[in-house]
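Just below is one structure, and these are the notes that go with it.
The values are calculated or read from the model by the stated rules, or taken from the named source; none is laboratory data. Everything numeric here is computed off the predicted structure, so don't read it as measured data. Don't worry about glycine lacking a Cβ; one is built from the backbone with ideal geometry, like all the others, and counts go over all protein chains shown. Just so you know, the surface numbers come from the protein's heavy atoms only, side chains and all, with ligands and any DNA or RNA stripped out. Shrake-Rupley method; radii C 1.70, N 1.55, O 1.52, S 1.80 Å.
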Protein chains: 2
Amino acid sequence: MPRAGLNRDRVADEAAAMADEVGLNRLTLAALADRLGIRQPSLYKHIDSMAGLHRDIAVNAKRDLGEVLARASVGRAGADAISAMSHAYRDWALKHPARYEASNRMPAPGDVEDEAVSLAAIQVIADVLTAYSLEGDDAVDAIRTFRSALHGFVSYEIAGAFRWNADVDRSFDRLVRGVVVALDQWVGTPTPVLPPV
Amino acid sequence: MPRAGLNRDRVADEAAAMADEVGLNRLTLAALADRLGIRQPSLYKHIDSMAGLHRDIAVNAKRDLGEVLARASVGRAGADAISAMSHAYRDWALKHPARYEASNRMPAPGDVEDEAVSLAAIQVIADVLTAYSLEGDDAVDAIRTFRSALHGFVSYEIAGAFRWNADVDRSFDRLVRGVVVALDQWVGTPTPVLPPV
DNA sequence: TGATCTGGCTATTGACAATAGCTTTTTGGG
DNA sequence: CCCAAAAAGCTATTGTCAATAGCCAGATCA
């Protein structure tokens, strides 16, 4: 029995690559073990469970995405930073669809490492919005809106939900421009009075 | 063996209700059969497969959501219609999280019924944007942006991704407001919004 | 009434995650 | 250098699923 030189990170990396190819929910331990050249039960020397493997994929993905976003926005500010970060976000997600899906899973309560990388990634997004000098709840609302727009677009695109022939790249540019326009008027916009629904 | 009076729709309805309680991916045929008072293999008299059941849940959900959106926006226009539809969308999704998840699955190619209800639901959204007199690719971009913002926010909210203490209702109001602001400036020159009726 | 269709049933299979328990390789302290 | 123990592989097995095969009773209708 020659050893395969595996460890937890190597297994999680290969699992993430495989998931990106076949889909996160179609990742099976039998196929992963096969790809790693070992038998399925041997995987449990490196993982706790399927859920634990998904968690490892998620943590690595959040860390990677956070770093990509940070690199994309360094040295930029305002609309420029938002645009650069948005495109880096979309590019990364399209390149790693299963990792992206995993990255949106919430950390289990008490999983400090997962909570840390999750917060770090969101913090990168939050920092880019500081140019708009939003504070308190206004800032939280803006971050939630920005994240929602990006996530909605990208997850629709990955799911293949944009079927009309219009150029998806162009639509994304327009979405980003829309976010910038909305942020420009964020503070001055009064909390809306809603019509009865 | 008394008969249980089941049919395909009844099974799909009960499955949808169960999925909303336990989560779409944790819906099992054994538990569903138990709830319906029959044995697990008997379910196959009413469904084709698990995938087929998910498809039925999705089709019913798309039809229901489309009708809810249509009712919410009837008699309104412009920002008023967008706001009413957005809140109806969010309320429905929060009330039926698994149905909402199912409703976002793409129709299988050639599934004309699924394609029809999918298109109908999107058409309701598209109609609400006609007040902005967008045409061609501009309209497609706007629809994609609107849908993305709604879907991103709602799916984050269902996933429990909004952990900071700021009021989520307020954040959603601000997002909707942001969409309206962005649409006002969509084509470069602000388009007047029809006043509420 | 009796043939046929429908909707239930038991028994079984195959894919999968997961566990038990054994063996071989690697490693590290004396 | 040596050997004890940890680490990493293995086979065998279990339990939970979805799914199929094949049987039987109740309903339907000529």
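Within the range A:146-166, the set of residues being facing chain B (nearest Cβ under 7 Å), not aromatic (Phe, Trp, Tyr) and not in a helix (DSSP H, G or I) comprises A:160, A:161, A:166. Among the residues of the range A:21-72, which ones are more than 8 Å from DNA strand C (Cβ to nearest atom) and in a loop (DSSP other than H, G, I, E, B)? Within the range A:21-72, A:23, A:37, A:38, A:39, A:46 qualify. Inclusion of residue B:81 among residues that are surrounded by 22 or more Cβ atoms within 10 Å (Cβ to Cβ), assigned to a helix (DSSP H, G or I), more than 7 Å from chain A (Cβ to nearest Cβ) and of a type outside the set (Val, Ile, Thr) is warranted.
Every residue, every condition in (1) open to solvent by less than 60 Å² (accessible area, probe 1.4 Å); (2) closer than 21 Å to residue B:172 by Cβ; (3) away from DNA strand D (no atom under 11 Å from the Cβ); (4) within 14 Å of another protein chain (Cβ to nearest Cβ), yes or no:
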{"site": "B:23", "(1), (2), (3), (4)": "yes, no, yes, yes"}
{"site": "B:40", "(1), (2), (3), (4)": "no, no, no, no"}
{"site": "B:47", "(1), (2), (3), (4)": "yes, no, no, no"}
{"site": "B:55", "(1), (2), (3), (4)": "yes, no, yes, no"}
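Residue by residue, here is whether (1) more than 25 Å from residue B:115 (Cβ to Cβ); (2) touching a helix residue (DSSP H, G or I) at 6+ places or on another chain (Cβ under 6 Å) holds:
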residue: B:7; (1), (2): no, no
residue: B:16; (1), (2): no, yes
residue: B:25; (1), (2): no, no
residue: B:34; (1), (2): yes, no
residue: B:37; (1), (2): yes, no
residue: B:42; (1), (2): yes, no
residue: B:47; (1), (2): no, yes
residue: B:52; (1), (2): no, no
residue: B:57; (1), (2): no, yes
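Applying a threshold of 7 Å to beta carbon distances and a minimum spacing of six or more residues, or different chains, the list of pairs starting in the range B:110-131 at a residue that is within 16 Å of residue B:56 (Cα to Cα) and ending at one that is open to solvent by 20 Å² or more (accessible area, probe 1.4 Å) and small (Gly, Ala, Ser) reads B:114/B:108. If you go through the range B:25-38 and pick out every residue that is near DNA strand D (Cβ under 8 Å from one of its atoms) and surrounded by fewer than 14 Cβ atoms within 10 Å (Cβ to Cβ), you end up with 2. Please work out if residue A:3 is basic (Lys, Arg) and surrounded by 11 or more Cβ atoms within 10 Å (Cβ to Cβ). The answer is no for residue A:3. Applying the set (1) surrounded by fewer than 19 Cβ atoms within 10 Å (Cβ to Cβ); (2) farther than 28 Å from residue B:22 by Cα to residue B:140 leaves exactly one unmet item: (1).
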